Amino acid sequence: LSERENLLNNGRKILVVDDNPMNLLIVGTLLEEKGIVPIKALNGEEAIYKFKESFEKGEQIDFIFMDCQMPVMDGFQATRELKKLMSQLGIKPVPICALSANDGEQDVRECLESGMDEHLSKPLTDAKLTNILKRFNLSAE
């Protein structure tokens, strides 16, 4: 990690929501290598709790990676709830990107219809991560 990347990404927080602990570890590690703090949640309900908690602490979450198929609350419902919450709190909408094993046309459409801003297929690679961070102006590059 270059000193420049660390400086530019200092304080950036990305919420990573996935019911698979190994996926959380992989994505978290990729983010940490870029100087970004991962906040991890195992399902949609936990994601909403962590988002509220960050807001209450005055710590802004800059981006959300959301798995679609999870127990307790899936990514589609969580996205709808988070978008509603952002509106209620009067904060600028935080981009939500689906991270899904399913990348068929119907799957992508369902993600976008639920309010997600982008769709990436798993596994998340460093190249995919770099591209998405650049696209949403979260990259040091």
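Below is a table of values for the structure above.
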{"item": "Test: residue 54 is in contact (Cβ under 8 Å) with a residue 40 or more places away in the chain and of a type in the set (Gly, Ala, Ser)", "result": "yes"}
{"item": "In the range 16-49, the residues that are touching a residue at least 12 places away in the same chain (Cβ under 8 Å) and either open to solvent by 50 Å² or more (accessible area, probe 1.4 Å) or within 17 Å of residue 92 (Cα to Cα) (or both)", "result": "19, 20, 21, 26, 33, 37, 40, 42, 45, 46, 48"}
{"item": "Residue pairs meeting the criteria (Cβ under 6 Å; at least 6 apart or on separate chains; first more than 12 Å from residue 26 (Cα to Cα), in the range 110-129; second of a type in the set (S, T, N, Q))", "result": "114/79; 115/79; 116/79"}
{"item": "Qualifying residue in the range 26-35 (condition: closer than 19 Å to residue 125 by Cα and hydroxyl-bearing (Ser, Thr, Tyr))", "result": "yes"}
{"item": "Residue 120 being within 14 Å of the chain's Cα centre (by Cα) and not acidic (Asp, Glu)", "result": "yes"}
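The values are calculated or read from the model by the stated rules, or taken from the named source; none is laboratory data. Just so we're clear, the structure is a prediction, and the values are computed from it rather than from any experiment. Ideal geometry is used to build each Cβ from the backbone, glycine not excepted, and the neighbour counts take in all protein chains shown. We work out accessible area using only protein heavy atoms, side chains counted, and drop any ligands, DNA or RNA first. Shrake-Rupley method; radii C 1.70, N 1.55, O 1.52, S 1.80 Å.
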